Amino acid sequence: MSTPAIRVSNLSKQFQIGSLASRFDYYTLREVIVNRLSAPFHRSTDRASQKSNIWALKDINFEVPRGQVVGIIGHNGAGKSTLLKVLSRIAEPTTGRIELRGRLASLLEVGTGFHPELSGRENVFLSAAISGMSRSETTRRFDEIVAFAEVDKFIDMPVKRYSTGMYMRLAFAVAAHQQPDILIIDEVLSVGDAAFQKKCLGKMEQVGSSGRTVLFVSHNMGMVNALCDRAILLKAGQVIEDGDTSSVIRRYVQTLETHDGIDGELYLPEEPNLAIQITCARLLDSEGNPCSRFDVMSPIRLEVTLNVRQAIPGLLAAFAVYKNGETVFASWDTDTQPDRLHVRSTGINKEIVTIPAPLIKAGRYQLKFWTAVANVRVVHNPAVLLPFDIVEDTIDASLLSYAGREAGYLALPLDWVHAGTGVSTAD
Amino acid sequence: MKDIETESVGEANSRSKALNLELDATSHSAITPEQSVTGDELLVIVPPSGWISINWIEIWRFRELLYFLAWRDIKVRYKQTVMGAAWAVLQPFMTMIVFTIFFGRLGGLDTKTGGAPYPIYVYAGLLPWTFFANTISTASLALVTNANLITKVYFPRMLLPLATAGVALVDLAVSFGVLFVMMGYYHTGVTLHVLLVPALLASTVLVATGVGLILSALTVAYRDFRYVVPFLVQIWMFATPVIYPSSIIPVRFRWALSLNPMAGLIDGFRAAFLNRPIVWSSIYASTAISFVTFIIGASYFRHVERRFSDII
């Protein structure tokens, strides 16, 4: 039992910039012929363009004991997906060595191998075969898979007629009912509605507690915190922190906060193909100036600029307040303005939300923003966070309900009403 | 230059094997499942190099996937088509009628078939040819159309082009039925030569999948091959005695025909169905070339396979 389930030593993976920058590009015969003719003695193009190569992974070392659930976190482009691809043998390493003990399955994308024309039943078998499950194994687990996905009535209908929810549930069910010793999961839980996510999370916890080794990539720190015993933080292809989940998440959150701009402001690049996106978020003090430091007793005005490009029903914008990678609370703009679910004016929209005070205790918090189509998909989910501090400038340090040094996140002045003296508890 | 290879080794030498692989790591590929003391499979992934052998053990382990991929293509093909399997019959049958009119009657080839009726003569050649042409055309696109699988999950990529032969085989089986009906109609009779058909078919599958593997790998790297393949299929048909009997080729050029494995195989199919003398030498040569084509195709495929997920 002492041998690790995963041992990665000195692993590196190099990409040629050309092939990375244009993943879907390919050579045409003409280019190759012209290159060969113009430089007939340059046999190896790799060697000639050595300088234009980048390392997606550089000298990665770690071991994972059997049964551990490890979160892999980092910014986009930090090398998380490349690492998972090399581990699941989709891409090959440039140097280094990986040892895997036991059967490995990867959940890099639910629904891989699903064919829209085939029925649910047929797709279960196809998708299971692609992920390496034998036919007899699939037959044995078939009822369980269908029950988990809750699609019993539609199992013989082509999946192209399924709702998004049904499709996702079935796809996840197939993937989750494999019985691998090592399971690799990449952001699969970022889809589907809340009930589905909860169900998947439950299944994941079950997988984690059944002694299986799990590598879990996610931008959702709450999920990483809830599921993982340990976390590895990647940056620019290197492991920069490896250890206890909460301390690694804290370090990650710190790296996320470093953004350009004035304190209390966050500007996000325009992405013209998004139906709705957040372009700017600002925290304003009572005078309307951007600020990132607020007293526990002063309300925070949050100004969000939304660019709505398509008039699709169900568009919503939301933010969450994080502390140590966990959500303290979240707020959706459509809850108080339900009309927006049906019509939303296109163009630049400014929204103001006031976070009342006192509400949260002193400490460092981060705001996370996203937009979505209700119950369908996330539209814009920028990784960058807007940090702010709550301080105890005006408050008497002896007021323990507000004190940051006491446990808990909320600073709520609750009334203690006297209900009598000398009354026995039995009454 | 990397590559991945799987070997099965027993428990006893697993330690020394792992050590060897360690030393080998920079020069040779290795993904090695072996039984460890705990009973778990150990898989070692290291960058490999050079030309790698074809991993038959792994392909065998994934044989069910080969079946499912072929089954998927067959299912999808017949969903939402009104006539279903009839298309498999109609395509070569209509081609046969066109050829009979233009090449047989108007071209005067119907006198050169050695006594066999031209329709059945051309149909017996068209069946293996249609199988070959369909296999290499669909195989050449198999990787590109399944790009989402290649970038998402690991399995021997070779299965994708190989599975396309399955669809073509089902079509072939259906059209064989029509051939037997025609044989009854023309009273050609069935002889023991028919027993040769499975062997000929095996060779045809080898050459078709061999060429298909090469073309599929080339199509990933050079999308030009999308346009090259239909053209290649057309030229290849005229270089093969499908429409005409090989006897009309002048003797001094016959050697060139024997380099084309489909030539010997199609002559073989005709000999088997139409009870004509079997030219063993040409069948042996075609079988040998088919085998070599498959080995070359599979080796080339393995050699370039490692780049697929990066460039597709």
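What number, in percent, do you get for the relative contact order of chain B if the mean sequence gap of Cα pairs under 8 Å and at least 6 apart is divided by its residue count?
Computed over chain B, the figure is 20 percent.
What are the lysines whose alpha-carbon lies under 25 Å from the alpha-carbon of A:Lys85, with same-chain residues fewer than 8 places away excluded?
Within the straight-line cut-off, A:Lys85 pairs with A:Lys13, A:Lys51, A:Lys58, A:Lys203, A:Lys235, B:Lys2, B:Lys152.
Counting partner chain Cβ atoms within 10 Å of every residue's Cβ in B:60-70, what's the average?
Partner Cβ neighbours, averaged per residue: 4.
Counting only other chains, what is the mean number of Cβ atoms within 10 angstrom of the Cβ of each residue in peptide A:131-137?
3
Quick one: Karplus J couplings for region B:83-88, per residue in order, coefficients 6.51, -1.76, 1.60, θ = phi - 60°, nearest Hz, x for Gly and Pro?
8, x, 5, 4, 5, 4
Per-residue accessible area for B:Tyr67 at 1.4 Å probe radius, Å² rounded to 10?
100 Å²
Please list, in order along region A:321-335, the HN-Hα scalar couplings obtained from phi with the Karplus expression 6.51 cos²θ - 1.76 cosθ + 1.60 (θ = phi - 60°), rounded to whole Hz, x for Gly and Pro.
The phi angles translate into 9, 9, 9, 6, x, 10, 7, 7, 7, 9, 9, 10, 6, 8, 5 Hz.
Using only the C-alpha atoms of region B:201-312, find the volume of their convex hull and express it per residue in Å³. Each step should come with its number before you reach the end.
Details: hull volume 11.9 nm³, N = 112.
With only Cα atoms used, region B:201-312 gives 106 Å³ per residue.
Among the lysines, which have Cα under 24 Å from the Cα of A:Lys350 when same-chain residues fewer than 8 positions away are ignored?
Cross-link targets: A:Lys368.
Could you check which residue among B:Ala85, B:Ala139, B:Ala298 shows the biggest mean-square fluctuation in a GNM of chain B with a 10 Å Cα cutoff?
Looking only at B:Ala85, B:Ala139, B:Ala298, the biggest GNM fluctuation is shown by B:Ala85.
Which cross-chain or sequence-distant (5 or more) residues have an amide H under 5 Å from the amide H of A:Ile240, H modelled 1.01 Å from N in plane?
Counting only residues 5 or more places away or on other chains, the set is A:Leu233, A:Leu234, A:Lys235.
Just counting partner chain Cβ atoms within 10 Å, what average do the residues of peptide A:118-126 show around their Cβ?
Mean shielding by partner chains, rounded to a whole number: 3.
The values are calculated or read from the model by the stated rules, or taken from the named source; none is laboratory data. Fair warning: this is a prediction, and the values are worked out from it, not measured in the lab. Because the Cβ atoms are built from the backbone with ideal geometry, glycine has one as well, and the counts that use them run over all protein chains shown. Each accessible area value is taken on the protein alone, full model and side chains, heavy atoms only, with ligands, DNA and RNA left out. Shrake-Rupley method; radii C 1.70, N 1.55, O 1.52, S 1.80 Å.
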